[in-house]
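Working notes for the structure below.
The values are calculated or read from the model by the stated rules, or taken from the named source; none is laboratory data. This one's a predicted model, so the numbers in the text were calculated from it and none came from an experiment. Reconstructed Cβ throughout: ideal geometry from the backbone, glycine too, with neighbour counts over all protein chains shown. We work out accessible area using only protein heavy atoms, side chains counted, and drop any ligands, DNA or RNA first. Shrake-Rupley method; radii C 1.70, N 1.55, O 1.52, S 1.80 Å.
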Amino acid sequence: MSSEIDTTVAAVRAYWDRNTLGLQYVSDPTLAPGSKEFFDHIRPWMNPYKFPWIMDRIEREAALLKGKHLLEIGCGMGFDSFEFLKRGVRVTAIDLTESAVRMTRAHFEIAGVNAEDVRVGNALALDFPDESFDAVWSNGVLHATGDTPKAIAEVHRVLKPGGRAIISHFYRRPSWMYLIHRLGREPIEAHEEDPPVNEFYTEPQILEMFKGFRVVETAREHHRALPVAKRGMKVHLYRWGFQPVYNLLPERLALHWAYKFSVTAVKE
């Protein structure tokens, strides 16, 4: 990788080490991070439970992949991988940060499930041989790596012929979140600072990245403004101004402004 991308990856790693996804949802400071009570407490706010359409996708894909080997890129605290493991899918889970890997290992131990492997890994330089996996799952990660086309090329490389790339999701423009993202630097949710990278793409730009795949499904998602856990003036305006007004839009019009675009594709 180039020195510029190396610098970006280092910044992304440092950000998520400081801001492990999930910690912002803790409202009980007495909970020990990594405990059963901790995971139970944050579970409703975490992917995939926060978004019913993602759980539907896991149900469908797990039925196709039972007994097969799936790689999750960007496992966070392991909730998505856990759902695949419960359904009989073999899972290798990677994340860019040591903190997420530690949390995922603790989560799996508490839940009594066993992954093939849980380790640190970089989406832009996957440490696996060509044609290693039957499927790759990534949820809200590849657009935040610093080089989305390279990340998708790596997904293609490690998939077996006929393997499934299940990418939920890319940030989409035009969308309601893209508009909010452009209005000031304070984030709506997450932490006190935005991540170093959060790319927004048009749908044609996203599909152009899937050369070498046969796209079998696309979906516009998150077309309604959902509750957020953060505090601050921008969030106050979002919660009491934008959210109730925007959510009155008819479904057809709201879908035009959906801010996530998911792709399921098969390696040819």
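Things worth noting here:
- Interchain or long-range residues, amide H under 5 Å from V136's placed H: L71, R164, A165, I166
- Scalar couplings 3J(HN,Hα) for the stretch 105-118, obtained by applying the Karplus form with A = 6.51, B = -1.76, C = 1.60 to θ = phi - 60°, are 4, 5, 4, 5, 5, 5, 7, x, 10, 10, 8, 4, 6, 9 Hz; x denotes Gly and Pro.
- Summed residue charge, Cβ within 11 Å of G212's Cβ, Lys/Arg positive, Asp/Glu negative: +3
- Looking at the chain, the accessible area is 47 square angstrom per residue; that uses a 1.4 Å probe and ignores ligands, DNA and RNA.
- Computed lengthening from A14 to R119, 0.36 nm per intervening residue step minus Cα-Cα distance: 36.1 nm
- Summing Lys and Arg as +1 and Asp and Glu as -1 over all other residues whose Cβ lies under 15 Å from the Cβ of G162 gives a net charge of +1.
- Magnitude of the charge dipole for the stretch 78-165, about its Cα centre and with charges confined to Cβ atoms of Lys, Arg (+1) and Asp, Glu (-1), is about 200 debye.
- Prolate/oblate/rounded call for the stretch 104-180, Cα gyration tensor, a/c under 1.5 rounded: oblate
- DSSP beta bridges in the chain [antiparallel fraction, %, rounded to 5]: 40
- Of all the options L126, L159, L237, the one that moves most in a Gaussian network model of the chain with Cα springs shorter than 10 angstrom is L237.
- Out of every Cα-Cα pair that the stretch 1-116 contains, those further apart than 16 angstrom amount to 63 percent.
- Calculated P(r) tail over 28 Å for the chain, as whole % of Cα pairs: 33
- Of all the options H222, H236, H156, the one that moves most in a Gaussian network model of the chain with Cα springs shorter than 10 angstrom is H236.
- The portion of the accessible surface of the chain made up by carbon and sulfur, rounded to a whole percent, is 54 (1.4 Å probe; DNA, RNA and ligands excluded).
- For the stretch 22-67, size of Cβ-based charge dipole, Lys and Arg +1, Asp and Glu -1, in debye: 160
- Put simply, when 203-213, 26-36 are sorted by average Cβ atoms within 10 angstrom per residue, most first, you get 203-213, 26-36.
- Lysine pairs in the chain with Cα atoms under 12 Å, if 8 or more residues apart or on separate chains: 5
- Whole-Hz ³J(HN,Hα) from phi, Karplus 6.51 cos²θ - 1.76 cosθ + 1.60, for the stretch 130-145, glycine and proline x: 4, 6, 8, 10, 7, 7, 10, 10, 8, 10, x, 10, 5, 6, 10, 8
- Debye equation applied to the C-alpha atoms of the stretch 102-141, log10 I(q)/I(0) at 0.23, 0.24, 0.29, 0.32 Å⁻¹: -1.02, -1.07, -1.18, -1.19
- Electrostatic dipole magnitude of the chain [Cβ: Lys, Arg +1; Asp, Glu -1; Cα centre; debye, to 20]: 700
- Between the stretch 154-179 and the stretch 102-128, the alpha-carbon center distance in angstrom: 20
- Dipole of the chain, positive end: most advanced residue of A258, F128, G163 [Cβ charges, Cα centre]: A258
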